[in-house]
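What follows is one structure encoded as structure tokens, with my remarks underneath.
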Amino acid sequence: MAKNKPRRVVIFLLFKLMSFIILAFPIRIGLILGQAFGSLCFYILRKERKRALRNLDIAFGNSKSAIEKRKIVKKVFENLGKSSIEILSIPKFSEESFKKYIYCKNIDTLKGFLQEGKAVIILSGHFGNWEFLAHYLSISGLPMNVIARRARQSGLEAFLIRIRKRNCVNVLYRDASAKEIVDLLRGGKFVGIMPDQDMDSISGVFVDFFGKSAWTPSGPAVLNLLTGASIVPCFIVRKAFGHEVIIEKPMELAKTDNKRKDILENTSRYTKVIEGYIRKFPEHWVWFHDRWKTKICCEKTLE
């Protein structure tokens, strides 16, 4: 349950005030304000800035200069500022304006699965405006369910629930039962998963991520094994104005008599896909997370 600590209450009240202001302005003006706010946070939030720079050092080593890494981190803050404004602006987006703001040339790839009654695991990450990605797919007529964690402030959580319901995005929290997720997939639904963070409370395996062993959620691989649902990578990329949603072909996955090895191999494969997008668009990923915190000596046994 979200805890309303004084600091979080103040942040939420500022969030609410900003939401009223943003709704009064065109989205272009809001994006300028969001970028400025993100830039301000880059200078103020020293702890997050340092962690992001440290993670970029781990990921890119000397292949990028210190100046390049600092520019990437600043852009990450600015993009998150823009994304926050966009999320606040969702109530004023009609279905038509939403589709004009987001371009996708191959949404029919997913609609084909829907027409055939086949389930899909939407593979993405904490990349770009991932909240917008879920809304776009749902508005496009796909039965979207997303696995997410609860916000740390109850007022913010209530706001997110309200706007998700508005666009028929169903949320399954990380403590949801595996049976609930499996039942959705067996019923031909779509489930979005972002297995790009180190969460020691979730079953996973160690796989290579930017050349270093990283504890990685194996949920998509396990769910594919249990339900046969295809894993389709989907990512949202920010453009000068608006976004492009990139939908790839279903992943080719290992399927042998050794389930444990298949889970390890398939987790490695989709982690490589996520890494590929981060390498191409490093300013789109949330580098603040301590991605390599779990050490290999602590590996858990798959059940």
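The numbers here are math on the coordinates, done by the rules we state, and not lab data. What you are looking at is a predicted structure, and each value in this text was computed from that prediction instead of being measured. Cβ coordinates were reconstructed from backbone atoms using ideal geometry, including for glycine residues, and neighbour counts include every protein chain displayed.
Assorted remarks:
- Eligible lysines near Lys293 by straight Cα distance, threshold 21 Å, same-chain separation 8 or greater: Lys47, Lys50, Lys69, Lys212, Lys272
- The slack between Lys280 and Asp57, meaning 0.36 nm per residue of separation minus the straight C-alpha distance, is 78.7 nm.
- Along the axis of the charge dipole computed for the stretch 6-294 (Cβ charges of +1 for Lys and Arg, -1 for Asp and Glu, origin at the Cα centre), the listed residues Gly81, Phe93, Ile58 are led at the positive end by Gly81.
- Net dipole in debye of the stretch 6-294 [+1 Lys, Arg Cβ; -1 Asp, Glu Cβ; about Cα centre; nearest 20]: 900
- Overall form of the stretch 173-303 per C-alpha gyration tensor (a/c, 1.5; a/b vs b/c): oblate
- DSSP beta bridges fully contained in the stretch 6-294 are about 40 percent antiparallel.
- Straight-distance crosslink candidates among aspartates and glutamates, where the alpha carbon sits under 15 Å from Lys71 and sequence neighbours closer than 8 are dropped: Glu48, Asp57, Glu283
- Pairs spanning more than 21 Å between alpha-carbon atoms, out of Lys179/Lys295; Lys75/Lys249; Lys64/Lys249; Lys189/Lys249; Lys75/Lys280; Lys74/Lys99: Lys179/Lys295; Lys75/Lys249; Lys64/Lys249; Lys74/Lys99.
- Rounded to the nearest 0.05, the FRET efficiency derived from the C-beta distance between Ile29 and Leu253 at R0 = 41 Å is 0.35.
- For the stretch 98-105, the Karplus equation 6.51 cos²θ - 1.76 cosθ + 1.60, evaluated at θ = phi - 60°, returns couplings of 4, 6, 6, 7, 10, 9, 8, 8 Hz by residue, with Gly and Pro reported as x.
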